[in-house]
Amino acid sequence: MRVAVVTDSTCDLSTSAARRLGLVIVPLRLSLVGGGALSPDDPAPVYAYQRAGGRVTTAPPGPEAFAARYARLLRGCDAVLSVHLSGALSQTVGQAREAAAGFGERVRVVDSGVASVALAEAALRARAALDAGADLDAAEAAVARARTHGLTQFTVPTLDYLRLGGRLGRVQRFVGNMLDVRPVLGFGEGRLRPLRRVRTDQALAEMLLSLEDRYGSAPLHLTVAHAGADPAALLELRAAALRSRLRVVGGRAQLIGGVIGAHVGPGLYGLGACPADL
């Protein structure tokens, strides 16, 4: 059975990178407050606008956008597995489900419970399962395993952008007014959760140590990610990860895309790990 795997631009893969990996991207809408629309594929204008004091907003694709993409894919495939960012963070998965209702069992929509590099890993695990001969149930189970056994952590230099987007809550109370401290954040129950507080200059080392404690010598797929259109910073993160005791056998280095960047701002960086042998 030929199955297309669809995800959205919050996976932080560009459209061309996703295509090379066997995924199809349905983009969220990205707009400058007081300006015009932007492409989710190019984060640089987002960060430039934010650094100049501007605000960037996002909106989910409408059901019609999903329906058009599903119809096009089903002309050459038997089914579509559509894997999206957490429904607790966005209406995107709900819009996809509304569109999928018109295609019966040929389109299955899955709430990944995560976003960003964790969403990319979940969609890629589904793709790998299907390529190995799995059916839709087994591919959906691969998404669930990636969520359950994976760990994504990231840190931000400021909470201002998350505050503007209304995505703070417990994170704001957790950090408080402490100076020279960064929050390490992750996903739990589909939402953004504070994991711990660390000194600013120790954040990366602390994140790597937590992954070493959790996974030991298990072979991992590791993704390093940075927001700010700064390839040099991305290379520094990758080098630090490879110097660690983690047994990295696969993974990616990703610049955070414009949609996630609109909510976190420049300077975020993170690590996403998942056992290679799930």
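What follows is calculated from the coordinates using simple rules that are stated; it is not laboratory data. Note that the structure is a prediction, hence the values are computed from the model and not measured. Note that each Cβ is placed from the backbone with ideal geometry, even for glycine, and that neighbours are counted across all protein chains shown.
Run the helix sum for the chain: -39,500 (n - 2.57) per DSSP H stretch of 4+ residues, divided by residue count, reported at 222 nm to the nearest 500 deg cm²/dmol.
-11500 deg cm²/dmol
Looking at the chain, what % of its DSSP beta bridges pair antiparallel, to the nearest 5?
55
Evaluate Rg over Rh across the chain, taking Cα atoms for both radii and Kirkwood's formula for Rh.
Radius of gyration over Kirkwood radius for the chain works out to 0.96.
With a 10 Å Cβ neighbour count serving as the proxy for reagent exposure, in which order, fewest first, do His149, His84, His221, His263 appear?
Ordered from fewest to most neighbouring Cβ atoms within 10 Å, His149, His84, His221, His263 come out as His149, His221, His263, His84.
Arrange the following residues from fewest to most other Cβ atoms within 10 Å of their Cβ: Arg72, Arg97, Arg145.
Arg72, Arg145, Arg97
Along the Cα→Cβ direction, 7 angstrom out, place labels at Arg20 and Ser39. What is the inter-label distance in nm?
Reported label-point gap for Arg20 and Ser39 is 1.6 nm.
Taking the highest mean first, how do the peptides 210-217, 89-96 order by number of other beta carbon atoms within 10 angstrom per residue?
Sorting 210-217, 89-96 by mean packing, highest first, produces 89-96, 210-217.
Of Leu237, Leu220, Thr158, which is farthest along the charge dipole of region 151-275 in the positive direction, counting Lys and Arg as +1 and Asp and Glu as -1 at C-beta?
Result: Leu220.
Figure the gain on full extension for Ala132 and Glu236 (residue separation times 0.36 nm, minus the Cα-Cα span) and round it to one decimal in nm.
Answer, rounded to one decimal: 34.0 nm.
With N denoting the number of residues in region 27-92, provide Rg(C-alpha) divided by 2.2 N^0.38 Å, to two decimal places.
1.39
If you rank Thr148, Thr158 by fewest surrounding Cβ atoms within 10 Å, what's the result?
Thr148, Thr158
So who's got an amide H within less than 5 Å of the one on Leu28, skipping anything under 5 residues away but keeping other chains? H placed 1.01 Å off N, in plane.
The list, which skips near neighbours in sequence, is Ser9, Thr10.
In nm, to one decimal, how far is the modelled label at Phe103 from the one at Thr57, with both set 7 Å along Cα→Cβ?
A separation of 2.9 nm, rounded to one decimal place.
What is the Cα radius of gyration of region 151-275 over 2.2 N^0.38 Å, N being its residue count?
1.02
Any chance you could run the full-extension gain for Arg163 through Arg193? It's 0.36 nm times the residue separation minus the Cα-Cα distance, nm to one decimal.
9.4 nm
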